[in-house]
C-alpha cells in the first residue's frame, strides 16, 4: 500500500470508540472485561512499513513513541489499523500515568513506553469493524503472536463474565478499573454503551483555569485551579495542590505564565479564591484523582496525575456514572437469618426513622436490607461485626484499608474507597506517607468503635494492607490467593492448598488457611516485619512460578485469561506495595453475604466451597470454638 493508502486509512478511521462510565460492571456471559490502562489512547496505522500514531483527537504523535512505532512497523501485515493504550509500567508492572509524563518530558526515556493493544479495525485490505468483538480480538491475538519482533506491543486479554469479581481484583491490585464490552458488538466511533468503564477511584480530566503561588520554598506553584464544561460554560471544580514535585511545578509555571490573563475564566467565584489566584486561558488540561464530589460541586482530596494533551478543553465535562441494570438474571440463594446470638431477625423490623447503638456507635437506618432476598440488614451487619470484632481487629487494626461501600445495600451503588472523605467517624483515622517519591493517603482503624463506624458509613467489604502503619515498608504477612478458572473443581483447589502448604513447610514456614467467600482459598504466612516488600514479593513470585514449572497442567502464575483455562491461578500479586486482600471474618458484597473465614487445615477435607460460610454460620462457630490465634501472633522470617 502506498502513502496515499496510509492517508486513506487515517481518513477512514478518524475516530475511536469510547466507553460510557457506569456505576458497576455489567454481569452476564455476553460481556467481556479488560483491565483499564492508565496512559494515552492511540490508533496505529500501518501501510507497507509506514506508520502513523494518532491520538483520539487526530493528533499525529508518531515521534513521541519511537518504540511503539517501530513495533507497529514489524507487524506481520501489509496494512492494519489497531486500537491501543500507550503506557509506562512501574516496578509492580502497573501502568502509571505520572511515569508516562516523565518518559515524554525533557530527559525522559520514550523508549520505555509500551502499548497494550485491545482492538483491530482493519487488516490487509479488509475492514473488520462490523465483525464481533471476540472475532476481532482473536484475529488481533494471532497477529501479535506472529509478530514476535513487535516487542513493545502486548495483547490486552479479557475475562468473560464475572464483572464484579474482575473489578474487585483490579481495585485490590490498585489498578484504575475495568472496561466491559459486549462480546458480539461491532466497533463504532464515539461514546457507546456497548463499551462500559468502571473505575476503582474517581478520576478525570479538568481544565486548568488558574494557579496560586507556593507559600514556601522554590516550587513556584502551590496549587492549580480547575474547571469543567457544563452546557457550554466553565464551572469551578476546586483546586489541587498535591501530586506534583518541584521540577514539575517549575515546568508548569513556565507554561502557565505564557497563558496569563487578567479575567477569571469562571464567573461568580468565591472572593477567597479570586484574591490569591493568577488566571490563565483555559487551554491546558490535567488529570486528577479524587475521592468524591462535594454538594457544592467541588472535588475532595484531589491528587494531580499529569497533563493531558490528547484531548480538547471543550470535551472536559463532569463525568457521571450511569446506573446500569443487570443484563443477565443471577440466581441468588436466600440466606435466612435465624434468631441467634446478637443477630436477630427482628433487627430488620426497626422503623427506618430510628437508630440503634452498637458498641457506642449510633447506626442509622438499621432496618435497611443489605443483601437482596435475605434478612441481612445494616443493623444486623453492625451487630455481626461487633461480635467478630476481637478477631477481625487482629487482622486489620493499624493497617491501611480499602473499603467497598454500598450505602444503599448491594442493590444500590457500590464504590471503593481508601482515602479519607466525608462521613468518616472520629475513630476512622487518616494515614499519609511517601514511598519512592509517591504520596499515599489511606484510612485505618485501631479499635472496635472504628470498625462499627465503617459499617455506619455503608462499608461491606474491608480489605487491609499486609503491613501496619508504623512499619509500612515491612509486611507482617504474605498471601497466596489460589484462584480457580471456571470449571476447575473445588477439590483441585483443596489439593493446591495442600501442595502449597507442603512447599512452605519445606522452607520452614507455617501457612494458615482461609476461605475467601468467593471461589478460591488464601494461604497466609505471618511474618516478623523484617523483610521488605521487594523481598517478600520476590519470594512469593519464585514459589508460585516453581509450582507452575513443577505442575504446568494445574497451575498458572499470570493474570492472562487465555493461559488460565482449566487451571488455578497462583496469585502472588497481593504481596506488593498498596495491594490488599479481604479481611479475616470479612463479609463479601455478593449474593447471600458470604464470609471470608479462617479455618484449620484439619477442616479442609470436608470443606465443600470457599463461600459456604454465612454470617449465622460464623456466629454459631464462635460460640462453640475459640479461633486459633497463631496466625496473628506467630512471627517468621523468610529463608535466606
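Quick note: the coordinates plus some simple rules give every number you see, no bench work behind them. Predicted, not measured: the structure shown is a model, and the values here were computed from it. We place every Cβ from the backbone using ideal geometry, glycine too, and count neighbours over all the protein chains shown.
Observations, loosely collected:
- The fewest-to-most ranking of 260, 300, 54 by surrounding Cβ atoms within 10 Å reads 260, 300, 54.
- Neighbour-count order for 85, 453, fewest beta carbons within 10 angstrom listed first: 85, 453
- Crossing angle, helix 533-550 versus the chain [Cα axis fit, 0-90 degrees, rounded to tens]: 80
- In units of the rule-of-thumb radius 2.2 N^0.38 Å, region 591-640 shows an alpha carbon radius of gyration of 1.42.
- At 0.890 mPa s and 25 °C, Stokes diffusion of region 477-633 via Kirkwood alpha-carbon radius, µm² per second: 153
- Normalising the average separation of contacting C-alpha pairs (under 8 angstrom, six or more residues apart) by the number of residues puts the relative contact order of region 477-633 at 30 percent.
- Each of the peptides 467-476, 178-187 was scored by the mean count of other Cβ atoms within 10 Å over its residues; in descending order, highest first, they stand as 178-187, 467-476.
- Size estimate for region 401-559 follows the Kirkwood approach: the inverse of mean 1/r over distinct Cα pairs works out to 17.9 Å.
- Each Cα pair under 8 Å and six or more residues apart adds its sequence gap; the mean of these over the residue count of region 486-544 is a relative contact order of 23 percent.
- Cα-based Rg / Dmax (Å) for region 8-65: 15.0, 43
- Cα gyration tensor, region 3-198 - rounded (a/c under 1.5), prolate or oblate: oblate
- Pairwise centroid distance, computed over Cα atoms, of region 552-606 with region 61-98, Å: 32
- The C-alpha radius of gyration of region 94-185, expressed as a fraction of 2.2 N^0.38 Å, stands at 1.29.
- Out of every Cα-Cα pair that region 345-470 contains, those further apart than 20 angstrom amount to 43 percent.
- Sorting 274-281, 154-161 by average packing, meaning the other beta carbons within 10 Å per residue, from highest down gives 154-161, 274-281.
- The mean sequence separation of alpha-carbon pairs under 8 Å and at least six residues apart, normalised by the residue count of the chain, gives a relative contact order of 11 percent.
- In Å, descending, principal axis extents of the Cα set of region 203-315: 38, 29, 27
- Convex hull per residue volume in Å³, alpha carbons only, for region 529-596: 129
- Annotation: peptides 614-625, 589-600, ranked by per-residue average of other Cβ atoms within 10 Å with the highest first, follow the order 589-600, 614-625.
- Value of Rg/Rh across region 561-623 [Cα atoms, Kirkwood radius]: 1.02
- Between 0 and 90°, nearest 10: helix 615-624 axis offset from the chain longest Cα axis: 40
- Distance histogram in 20 Å bins (all Cα pairs of the chain, percent per bin): 18, 50, 30, 3
- When 553, 79 are sorted by how many other C-beta atoms sit within 10 angstrom of their C-beta, beginning with the fewest, the order is 553, 79.
- Taking the longest Cα principal axis of the chain as reference, the axis of helix 133-146 is set at about 80 degrees.
- Note on region 466-554: Cα Rg divided by 2.2 N^0.38 Å, N the number of residues, gives 1.13.
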